[in-house]
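Novice: This is the structure I want to talk about, given as structure tokens.
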Amino acid sequence: MLISAPHIVTTLISAPHIVHCTTHSTHIDVGTTHRTRVDFGTTHSTNIAFGTTLSIRVDLGTTHSTEIDFGTTHSTHVDFGSTHSTNIAFGTTHSTRVDIDITNRTHVAFGATFSTHIAFDITHTTDNALGTTNSTHVAFGTTNSTRVEFGDTNSTRVDFGTKHSTHIYFGTTHSTRVDFGTTNSTHVDFDTTYSTRGLNSATQIVPGLISVPRIVRTLISVPHK
């Protein structure tokens, strides 16, 4: 009924929603504009939006938080102390997500522009982006961090104290990656331009990846053969 009558949803979300200490909170929006949602201490919070504009969501101490956006613009998601947080966006613009002290975070974006991911002290984070532009990923103290991007431009990733970090690029431009104290870090670039990688592992400093750019040129020349 909420989907079949979008005007009812518009009335429901005409004012910002603030939820305190809720459990199993669920929010569905269809064709909404300037939607805002704030949750404190929620459990199993779920947010679904279709065709929203300037959607904002803030979660504090949530568990199993899930957000799905289709065709949103300037979508913002902030999580503090959440667990198993999941964010999926299709066709978003200027999407921003900030996570602090979460576990098993997953972010999937298709066709997003200026997508930004910031994470602190998270575990098993995964970021997937297709056709993004100026995508940025910042992680501190993460474990088993994975990011996959196709056709993005000016992508940047920074990791501090990560383990088993993996970054895969296809068709990227001006890709930049910096790792400090990482273990078993993997970086793959195809058809990239001006790719830069800096790696400072927990036991060994490897500045040669930056000082010897021919390694990068050799890597991206393979698909052309």
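The values are calculated or read from the model by the stated rules, or taken from the named source; none is laboratory data. From a predicted model like this one, the values you see are computed outputs, not experimental measurements. So basically every Cβ, Gly included, is an ideal-geometry build from the backbone, and we count neighbours across all protein chains shown.
Novice: Which ones in segment 25-44 are within 16 Å of residue 97 (Cα to Cα) and of a type in the set (S, T, N, Q)?
Specialist: Passing the criteria: only 36.
Novice: Return yes when residue 110 is farther than 29 Å from residue 54 by Cβ and outside the structural domain of residue 69 (by TED's automatic domain parsing) and no when it is not. Reasoning before the result, please.
Specialist: Details: farther than 29 Å from residue 54 by Cβ: no; outside the structural domain of residue 69 (by TED's automatic domain parsing): yes.
It is false that residue 110 is farther than 29 Å from residue 54 by Cβ and outside the structural domain of residue 69 (by TED's automatic domain parsing).
This table checks each residue for (1) of a type in the set (A, V, I, L, M, F, W, C); (2) within 23 Å of residue 156 (Cβ to Cβ).
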| position | (1), (2) |
| --- | --- |
| 56 | yes, no |
| 63 | no, no |
| 72 | no, yes |
| 84 | no, no |
| 90 | yes, yes |
| 98 | yes, yes |
| 111 | no, yes |
| 115 | no, yes |
| 124 | no, yes |
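Novice: Out of all the residues in segment 184-205, which are of a type in the set (Gly, Ala, Ser) and either in contact with an Asp or Glu (Cβ under 7 Å, 6 or more places away or on another chain) or modelled with pLDDT of 70 or more (or both)?
Specialist: Of the residues in segment 184-205, the ones of a type in the set (Gly, Ala, Ser) are 185, 195, 198, 201-202.
Of everything in segment 184-205, those that are of a type in the set (Gly, Ala, Ser) and either in contact with an Asp or Glu (Cβ under 7 Å, 6 or more places away or on another chain) or modelled with pLDDT of 70 or more (or both) turn out to be 185, 195, 198.
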